[in-house]
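What follows is one structure encoded as structure tokens, with my remarks underneath.
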Amino acid sequence: MSAPVRLGLRANARQFALLVGLNALVGAMVGLERSVLPLVGKHDFGLRSSATILAFVVAFGAAKALTNLAAGDLAERVGRKRLLVAGWLVALPVPLLIAFAPSWWFIVAANLLLGVNQGLAWSMTVVMKIDLAGPRRRGLALGLNEAAGYLGVAASAFVTGALAASYAPRTVVWVGAAVIAAAGLLISLLAVRDTGRHVAFEQQAHGSAGLSRATLRAAFVRTSLRDPVLRACSQAGLVNNLNDALAWGLAPLYLAAHGASVRDIAVVAAAYPVIWGAGQLATGWLSDHTGRKPLIAAGMIVQAVALGLLVAGDGAFAPSLAAALLLGAGTAMVYPTLLAAVSDASQPRDRARIVGVYRFWRDFGFVLGALIAGIGADATSPQTAILIVALLTGASGLLVAATSWQPRPALRPAPFP
């Protein structure tokens, strides 16, 4: 006979901790590229166009966004664990494509697969933690999840940047990717349990109002247009990832053009996700007590100020590092809080679809951000491209502040055997 189902972090501590550790590996997989891959495009393949170099970010963002959308619907049909395992299987060819790439477009293809990996694996760790945590500690749960993922990003970004000073950058990336993908697949296969029973348990507390499952189309329309809170969250998530695309793809080139060393670029590239990751340990918990809206609106404004500081510093190391720290702080305020707000506004049985639609719009920001950064930098200057994104970020925060925020109150499920 199976054990009784209970919601909460303490009741599910072992599985929750396992998923936290697994998400650190998911983050580390993408962090491998953050400090060195734009430089690989410039030095190994002789690329001169920022737009061409940032094509790998466009490919990653498009693949991840579309996979998020599909994963939310598939999770309700085939189960969370199966999609998690599939995500790691898709990652296995990535190191081979990077290692033996005869042209930059093989690197772009590798990032298509990496986007699918992130869309499946990260989405499922998010949804499974929401399933386990229940409504009372949702912000804290998502803070822990996103903190683990982005501390993984930061650690691998710093290590690859440091090793790239002594070894071939491409070698560092593909070897690390091979180790991480193999570990993630084995853990997912052997240790992770599906959380479908937890969803059914929580759904009981919502009564008959939640028994009708929304279609993917209905979830898309509601999240994108009809529900004001979900709409505000979707646009804020999209603009947030405009910043991340810029920090990932353009910032290393911007710093290198102003004479920064590979080590300096690695420090700046890692500082941003370190503060982002660690800060979410506090901001996710804080949003459970202060509400979601204040942190989201303020966080977007902080990010806009950080991008302005990056331009004002003109590529010097000290102001660039300060901008990275400030950008990380603003992102930490926003990232887990947006996910928690979206979950608040979702029925348990529709949650994976609603979260999938939100994550589609959020990660579509990678595509738009890379296009704005690449085309803007080629047509005008990197400074102009950064300022455009800063203005969009500030406007996004003001839009959230102007939105009427009425999240559904947390429900406490009755005991369920």
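The computed P(r) over Cα pairs in 10 Å bins from 0, in percent for the structure shown corresponds, within (1) 4, 21, 30, 27, 13, 4, 1, 0; (2) 4, 16, 19, 20, 19, 13, 7, 2, 0; (3) 5, 24, 35, 24, 9, 2, 0, to (3). Highest-first packing order for the peptide set 241-247, 376-382, 56-62 is 241-247, 56-62, 376-382, based on the mean count of other beta carbon atoms within 10 Å. Here the label points at ALA200 and ARG14, each 7 Å from Cα along the C-beta direction, are separated by 2.1 nm in the simple model. The peptide list 350-357, 291-298, put in order of mean Cβ contacts within 10 Å with the highest first, becomes 350-357, 291-298. Between PHE45 and LEU66, full extension at 0.36 nm per residue minus the direct alpha carbon distance yields a gain of 4.7 nm. A full extension of the chain between ILE375 and THR290 corresponds to an added length of 26.6 nm, given 0.36 nm per residue minus the alpha carbon distance.
Can you tell me which lysines have their Cα less than 30 Å from the Cα of LYS81? Leave out same-chain residues fewer than eight positions away. List returned: LYS64, LYS129. Per-residue packing, averaged as other Cβ atoms within 10 Å, sorts the ranges 126-135, 326-335 into the order 326-335, 126-135, beginning with the highest. Charged neighbours of ALA219, selected by a Cβ distance under 9 Å, balance to +1 (K, R count +1; D, E count -1). Taking other residues whose beta carbon is less than 14 angstrom from the beta carbon of ALA377, and scoring Lys, Arg as +1 and Asp, Glu as -1, yields +1.
Read-outs throughout are calculated quantities, based only on the coordinates presented, and are distinct from any laboratory measurement. Values in this document were obtained by computation on a predicted structure and should not be read as measured data. For neighbour counting, all protein chains shown are included, and Cβ atoms are generated from backbone atoms with ideal geometry for every residue, glycine included.
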